[in-house]
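Student: Below is one structure. I have some questions about it.
Just so it is clear, none of the values below were taken in a lab; they were calculated from the coordinates. Worth saying up front: this structure is predicted, and the values here are computed from it rather than measured. We place every Cβ from the backbone using ideal geometry, glycine too, and count neighbours over all the protein chains shown.
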Amino acid sequence: MRRGTFILVLLLALGLVLAACQRDQAPTPQAEQPQAGEAAGQAEPVKIGVVYPLSGALASTGKDLRQGVELAVDIINNEYPDLNLPLAKSKGILGGRPVQPIFADHEGNPDKGKAEAERLITQEKVVALLGAYNSAVTKTASQAAEQAGIPFLNPESTSAQLTERGFKWFFRTTPHDGTFAENAFQFFKDLNEDKNADIKTVALVYENTDFGKGFAALAKEYAQTYGFEIVEDISYSRNTQDVSAEVQRIKAANPDAVIFVSYVSDAILYMRTFKEQGVAPKVVWANDAGFIASGFLENLGKDGEYIISREVWALDLAKQKPLIAKVNDMYKERYGQDMNGNSARAFTGMLTLADAINRAGSTDPEAIWKALQETNIPGDQLIVPWEGIRFDEKGQNILGRGIMVQVLEGKYTTVWPFDLAAAEVVVPFPAWDQR
């Protein structure tokens, strides 16, 4: 063999030996690399989609809702041993994993609400959804969850029809408008019997989406049951710019009480037009929503006085339940304002959903669904004046109830039931020029 050929063969042999050694020393491949967020001992967050109106006419309401959710998440993800709330005494859920809310803005649009719900499910990979305030948007967004087979918890939409659709994955913590509509006429009856209010006739004024139309239909039934006459029935387009004609109709009908079902921009507009036209019925009663949103009194000031609204939360109830004051103090320190019914219900909804996921021991949808069905949170672990949270076969909480608040000296004050009242109800509604 020639010298050059021998050297070449020798080098090739050495190369093969080195390659074999490197293969033998290579590390064994891992079956799965750590997920993002798990490095340095960090647990993977549990993503929950939150669909609310964060811009547009309901932006101030959306802000209240978002803040309620954020405070609940802070309590879930950290330890607050002095709070008698679900998940407050431990850190995170499922063995220490933090809850991560993924917010989406539906702008009050049902089509966008459904699209955002679908995006959260397919792209953000959320394990459940929370929302969506507007009943019409909750209707479409929960359809997306139903089709995908993941839980949807609704803390604040009150259209009674939402729990009549036969959906498997839909759960609602708040009482619905069947309860609230009857409460309105029970309240009028009590005013007549205990306060000599002499209320006989009622006008209905409601925005023409599922929220308003559903409540109006129930109100007509309960008015007949309790012996009140509906003398005007006004349906209007949400986010309207002028209600002069509608208020003139109310003035002509001269009802003893007016029932409103309106979001915040409409609620403000109606009260300003009432003042302009000097309309002052004995009772102005609101089905919550825009009349308790933070933007209502911020815009109306003293012109928002004496409005009566059904509610699910009031700060003055802290005298009977100190937990309310503790949570409200945390909220006020963080956001510079008191909670309201919207933020309180969103707060309660997030705690309820996270508690179910934790009890499920898994993010598997079926396991979460089963845990939601088994929910039984006692009233002393809630900041709302309910007996507790327990869902029926339709997904409706059967332990909720309503109260009435009246704006007195700039504060929403409990006035009914009378045994819970923090102040005497002011009836009749004072004339504008006599305040």
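Student: Determine by what factor the alpha-carbon radius of gyration of the chain differs from 2.2 N^0.38 Å, reporting the quotient.
Tutor: Numbers: Rg = 27.9 Å, N = 435, 2.2 N^0.38 = 22.1 Å.
This ratio for the chain stands at 1.26.
Student: What is the distance in Å between the Cα centres of the range 126-197 and the range 369-435?
Tutor: Measuring centre to centre over Cα atoms gives 14 Å.
Student: May I pose another question? Rounded to whole Hz and in sequence order, give me ³J(HN,Hα) for the range 309-319 from the Karplus expression 6.51 cos²θ - 1.76 cosθ + 1.60, θ = phi - 60°, writing x for Gly and Pro.
Tutor: 9, 5, 8, 10, 7, 7, 5, 5, 6, 4, 4
Student: If you count, for each residue, the other Cβ atoms within 10 Å and average over each peptide, how do 119-129, 149-159, 176-186 line up from highest to lowest? Write down the numbers at each step before the final one.
Tutor: On the way: 119-129: 19.0, 149-159: 25.6, 176-186: 22.5.
Going by the mean number of other Cβ atoms within 10 Å, highest first, we get 149-159, 176-186, 119-129.
Student: What is the distance, in nm, between label points placed 7 Å from the Cα along the Cα-to-Cβ direction at Asp433 and at Thr240?
Tutor: 2.6 nm
Student: Enumerate the amide H contacts of Glu305 below 5 Å, restricted to partners 5 or more residues apart or on another chain; note that Pro and chain-start residues carry no placed amide H.
Tutor: HN-HN under 5 Å from Glu305: empty list.
Student: If you don't mind, another one. Considering lysine pairs in the range 135-257 that are 8 or more places apart or on different chains, how many have Cα atoms under 25 Å apart?
Tutor: 15
Student: Using a simple spin-label model with points 7 Å from Cα along the Cα→Cβ vector, what separation in nm is obtained for Met330 and Asp194?
Tutor: 3.3 nm
Student: Moving to a separate point now. Using label points projected 7 Å from each Cα along Cα→Cβ, tell me how many nm separate Lys370 and Asn254, to one decimal.
Tutor: Result: 6.5 nm between the two label points.
Student: Moving on. Each residue of the range 410-415 in order: what ³J(HN,Hα) in whole Hz does its phi give by Karplus 6.51 cos²θ - 1.76 cosθ + 1.60, θ = phi - 60°, with x for Gly and Pro?
Tutor: My calculation for the range 410-415 gives x, 10, 7, 10, 5, 10 Hz in order.
Student: Between Val202, Gln67, Phe260, whose Cα lies farthest towards the positive end of the dipole of the chain when Lys and Arg beta carbons carry +1 and Asp and Glu beta carbons carry -1, centred on the Cα centre?
Tutor: Gln67
Student: Follow-up question, since we're still on this one. Could you tell me the calculated FRET efficiency between Lys168 and Asn208, based on Cβ-Cβ distance and R0 = 41 angstrom, to the nearest 0.05?
Tutor: E(calc), rounded to 0.05, equals 0.85.
Student: Given the rule -39500 (n - 2.57) for each run of at least 4 DSSP H residues, summed and divided by the residues of the chain, what is its mean residue ellipticity at 222 nm, to the nearest 500 deg cm²/dmol?
Tutor: -13500 deg cm²/dmol
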